[in-house]
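Novice: Sharing a structure below in structure tokens format, with a few things to ask.
The values are calculated or read from the model by the stated rules, or taken from the named source; none is laboratory data. Predicted model, so just to flag it, every value in this text is computed and none were measured. Neighbour counts run over all protein chains shown; Cβ positions are idealised from the backbone, glycine included. Heavy atoms of the whole protein, side chains included, go into the accessibility calculation; ligands, DNA and RNA do not. Shrake-Rupley method; radii C 1.70, N 1.55, O 1.52, S 1.80 Å.
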Amino acid sequence: MPSTRPGLVLDAEGICNACRWNERKKTVIDWHERRHQLAFIADEARTRADGPWDCVVGVSGGKDSTWQAMYVRDELGLSPLLVQFASSDGTDLGRRNLENLVNLGFTLVSVQPNPRVARQLCKKSFFTYGNIVNYSEHALFTAPFRVAIDYGIDLVFFGENPALEAGDSNTSRPGWDASGIKFNNTLGGQGIDIWIGDGIEERDLLPYVFPSDEEFARWGGKGVFIGYFVDWAGWENAAFAIGHGLECIDAEPHDIGIPYRHNSLDSNHGGIVNSMLKHLKFGFGHTSEFTSYDVRDGRMSRAEAVSLVKALDGRCHPRFIRDYCDWIGIGEIEFWDVAERFRGKMWTRGSGNEWRLDGPIWEQEPHEAGISIDALLDRIDPARKKFETHRAGSL
């Protein structure tokens, strides 16, 4: 489903680069050969390893983390050290999922940033960019690389390459190479100067500073996106992780603006609130993104996806906004004053002074007006049946 997402490139036929990548995955790529290439990388790492761990795997504790860690260990035969950058606003659910991952038989290094600094950076990120996780995106990739450098481990694994799976237009580096992630559209190659001030000093920002080119050269290792070598599927990763103990969020899709309960588990702010802000800025949120994957993979029709987007995109229960406001120390009125500064040009005021999207997808294409959203979610959400069974058992 093409969108106006910044960095998302549409070709002459109006098809986005993420959709084109999905076509290549199904028709052009020799996955057997890619898997052979990945096995060679793993063999190299195992040969060079000089300690208890052959590689580092960056994790958050969610669906992809569980699949990645177990794939690297059980399919590639490596001994991975898991590295997490822990959100200062993390949820109890996220912490339980990390414990579950460790209990599956892994060693974890968790980098916990100064919460005072994190809170101030989060507030500045929101006020400056209308994006409450902009400040932390670097750290999610920085922590695994820095631990690998410090421990002398010369291979770092991440999951999917956003320049391919999500349509990021920065494809200047090889599709497997995660070392250049700082140059993608989200991270933007930005320095640290923008964060200094308001009580934040340069020394406070070390956990957020990506290793320099010189540090990488001295290290001599590589960062690898597993998703380049295997047919990456977040939905299938979720089903796998749920089967291995992953807990999912106890919230209705209408409250979180996300059709699945297996996403955005470690931070309500970075997932749920930020998805609403993205919808306000760009006219689409997580439901648009996830249903695009679902349509490409045949889990639902395009008409069903349009119905879900109309019902869920941009939804965010006020309790999540209140919680975020409490965390960064502002009131809800100030929150909305800031958010409205970033509202995109695709919105106009309706006759009742409400905001309306100009030409939303459900006005451009047929959709199933009488569709049961609950029935559709029952069909596509791998966590739903397990969640309902658990809830019924707890009553």
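Novice: Summing Lys, Arg as +1 and Asp, Glu as -1, what charge do residues with Cβ under 11 Å from the Cβ of Arg35 carry, Arg35 excluded?
Specialist: It works out to a net charge of -3.
Novice: GNM, the chain, Cα, under 10 Å: largest mean-square fluctuation among Met276, Met70, Met346?
Specialist: Evaluated over the chain, the most mobile residue of the options is Met346.
Novice: Then there is this: List the relative contact order of segment 9-139 as a percent without decimals, with contacts defined as Cα pairs under 8 Å and 6+ residues apart.
Specialist: 17
Novice: Another one. Let me check I've understood the local charge: for Met300, count other residues with C-beta under 13 angstrom from its C-beta, Lys and Arg +1, Asp and Glu -1. What total comes out?
Specialist: For residues surrounding Met300, the net value is -2.
Novice: Between Asp378 and Ser110, take the C-beta separation as r, use R0 = 25 Å, and let me know the FRET efficiency to the nearest 0.05.
Specialist: Here the calculated transfer efficiency is 0.10.
Novice: Using a 1.4 angstrom probe, figure out how much accessible area segment 29-115 has per residue, in square angstrom, rounded to the nearest whole.
Specialist: For segment 29-115, the per-residue accessible area is 44 Å².
Novice: Do the sum for the chain: with -39,500 (n - 2.57) for every DSSP H run of n ≥ 4, divided by all residues, what is the mean residue ellipticity at 222 nm, to the nearest 500 deg cm²/dmol?
Specialist: Working: 18 runs with 185 residues, N = 395.
When only DSSP H runs of four or more count, the value is -14000 deg cm²/dmol.
Novice: Need the C-alpha centroid separation for segment 61-103 versus segment 19-39, integer Å.
Specialist: 25
Novice: For segment 286-324 and segment 132-162, what is the separation of their C-alpha centers, rounded to whole Å?
Specialist: One Cα centre to the other: 28 Å.
Novice: Quick one: length gained pulling Arg95 to Glu354 fully straight, 0.36 nm per residue minus the C-alpha distance? Could you put the intermediate results ahead of the total?
Specialist: Numbers: separation 259, 0.36 × 259 = 93.24 nm, distance 3.87 nm.
The Arg95-Glu354 span can extend by a further 89.4 nm.
Novice: Go ahead and collect, in residue order, the members of segment 283-311 whose backbone nitrogen is under 17 Å from a label point 7 Å along the Cα-Cβ direction of Trp347.
Specialist: Once the point is set 7 Å along Cα→Cβ of Trp347, 283-288, 310-311 turn out to lie under 17 Å by backbone N, inside segment 283-311.
Novice: Quick check: at a probe of 1.4 Å, how many percent of the accessible area of segment 1-90 sits on carbon and sulfur atoms?
Specialist: Its accessible area is 52 percent carbon and sulfur atoms.
Novice: Need one value: the accessible area of Glu214 in square angstrom, 1.4 angstrom probe, rounded to the nearest 10.
Specialist: 110
Novice: Determine the shape class of segment 1-135: with a ≥ b ≥ c the square roots of the Cα gyration tensor eigenvalues, call it rounded for a/c under 1.5, and otherwise prolate if a/b is greater than b/c, oblate otherwise. Intermediate results must be reported in sequence, preceding the final value.
Specialist: Details: a/c = 2.29, a/b = 1.01, b/c = 2.28.
Note, shape of segment 1-135 comes out oblate.
Novice: Order the following by accessible area, largest value first: Phe157, Phe342. Probe radius 1.4 Å; ligands, DNA and RNA are ignored.
Specialist: Phe342, Phe157
Novice: Let me ask something additional. What relative contact order, as a whole-number percentage, does the chain give when Cα pairs under 8 Å and 6 or more residues apart are counted?
Specialist: Working: 592 pairs, mean separation 70.5, N = 395.
It comes to 18 percent, rounded to a whole number.
Novice: Turning to a different aspect of this structure: With a point put 7 Å past each Cα toward its Cβ, work out how far Tyr129 is from Asp250 in nm, to one decimal.
Specialist: 3.3
Novice: What FRET efficiency comes out for the pair Ala39/Asp11, r = Cβ-Cβ distance, R0 = 35 Å, nearest 0.05?
Specialist: The computed FRET efficiency comes out at 0.55.
Novice: What residues from segment 125-142 fall in the zone where the backbone N is under 20 Å from a label point 7 Å along the Cα-to-C-beta line of Arg119?
Specialist: Counting only backbone N, you get 125-128, 131-137.
Novice: Counting only pairs 8 or more places apart or on different chains, how many lysine pairs in the chain have C-alpha atoms closer than 25 Å?
Specialist: Lysine pairs meeting the criterion: 26.
Novice: When you count, for each residue, the other Cβ atoms within 10 Å and take the mean per peptide, how do 76-86, 31-41 rank with the highest first?
Specialist: Ranked by mean Cβ neighbours within 10 Å, highest first: 76-86, 31-41.
Novice: Using a simple spin-label model with points 7 Å from Cα along the Cα→Cβ vector, what separation in nm is obtained for Arg46 and Arg299?
Specialist: 3.2
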